[in-house]
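The values are calculated or read from the model by the stated rules, or taken from the named source; none is laboratory data. Remember, predicted model here, so these are calculated numbers, not experimental data. Backbone-built Cβ (ideal geometry, glycine too); neighbour counts: all protein chains shown. Heavy atoms of the whole protein, side chains included, go into the accessibility calculation; ligands, DNA and RNA do not. Shrake-Rupley method; radii C 1.70, N 1.55, O 1.52, S 1.80 Å.
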Amino acid sequence: IDAIAKQEVTKKKIIKDGRMGLRVSDLENTKVRVDTIVQHHGGYYASERLTNSVWETSYNLKIRIPGENFAQFIADIETGDGEILYKEIDARDVTDQFIDLETRLENKRNYLKRYNDLLVKANSIKEILEIEEKIRALEEEIESATGQLKYLSDQVDYSTLDLTISTQKNFKYSPDKRDKFQND
């Protein structure tokens, strides 16, 4: 199959990620609600951070959701109480990059097989050492390309949402008593 035909048969590889901020009146209830939605959609928290300042309390959540559930997950988050402060969703098509990596990986595996066949037929220590060096380099390249493919697959399979939910505190300004400005 040539590259164009292969692209047509290959399912699109899309990485979706986004940022969203909500201001809510009841932070703890909203957090419990988000926990439930994350679990319902088969997701998980990659990180979770609570920040408590004089003005507000907030959760900063990095949520990973299976790609096919991402749109519904966002819709479910939006239907809750609270004000959406910002929302950015990005989609990147990495199909070509994926196909390129798969093709390079296949070629490297073919070269590795040829070098292993040559190694069996090698006649001298010098030939064996040269072929083993080629094999070692190819194995490293295969390992690297495999890692890149695995990372890309994970990014496609699980979309990422950086969600901040915050609540403002009732804050009253009370200036500290300060010394008067003095000229030296």
Determine whether the stretch 165-175 contains at least one residue that is of a type in the set (A, V, I, L, M) and under 30 Å from Arg49 (Cβ atoms). yes
Mind listing whichever residues of the stretch 124-171 are in contact with a helix residue (DSSP H, G or I) (Cβ under 6 Å, 6 or more places away or on another chain) and either in a strand (DSSP E or B) or surrounded by fewer than 13 Cβ atoms within 10 Å (Cβ to Cβ) (or both)? Ser159, Ile165, Thr167
What number of residues within the stretch 15-45 satisfy the criterion of being hydrophobic (A, V, I, L, M, F, W, C), in contact with a Ser or Thr (Cβ under 7 Å, 6 or more places away or on another chain) and over 17 Å from Lys87 (Cβ atoms)? 1
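From the list Gln97, Gln72, exactly one residue is more than 15 Å from Leu161 (Cβ to Cβ), open to solvent by 60 Å² or more (accessible area, probe 1.4 Å) and out of contact with any Cys (no Cβ under 8 Å at 6 or more places or on another chain). Which is it? So that I can check it myself, show each step before the final result.
Values: Gln72 fails: more than 15 Å from Leu161 (Cβ to Cβ).
Going through Gln97, Gln72 in turn, just one is more than 15 Å from Leu161 (Cβ to Cβ), open to solvent by 60 Å² or more (accessible area, probe 1.4 Å) and out of contact with any Cys (no Cβ under 8 Å at 6 or more places or on another chain): Gln97.
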Under 6 Å by Cβ, and 6 or more places apart or on different chains, what pairs join a residue from the stretch 141-155 that is under 14 Å from Thr103 (Cα atoms) with one that is of a type outside the set (D, E, K, R)? Ala145/Leu101; Ala145/Leu105; Gln148/Leu101; Leu149/Leu101
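Show me the strands (runs of 3 or more DSSP E) found entirely inside the stretch 35-123 where at least 2 residues are more than 21 Å from the chain's Cα centre (by Cα) and touching a residue at least 12 places away in the same chain (Cβ under 8 Å).
Details: elements: 44-52, 56-66, 83-93.
Here the list reads 56-66, 83-93.
Quick one: would you say Gly147 is touching a strand residue (DSSP E or B) at 6+ places or on another chain (Cβ under 9 Å) and of a type in the set (Gly, Ala, Ser)? Reasoning before the result, please.
Values: touching a strand residue (DSSP E or B) at 6+ places or on another chain (Cβ under 9 Å): no; of a type in the set (Gly, Ala, Ser): yes.
When the stated conditions are applied, Gly147 does not pass them.
Using the structure shown, decide if Val38 is within 13 Å of Asp162 (Cα to Cα) and either modelled with pLDDT of 95 or more or of a type outside the set (Ser, Thr, Tyr) (or both).
Details: within 13 Å of Asp162 (Cα to Cα): yes; either modelled with pLDDT of 95 or more or of a type outside the set (Ser, Thr, Tyr) (or both): yes.
Taking the combined requirement at face value, the residue satisfies it.
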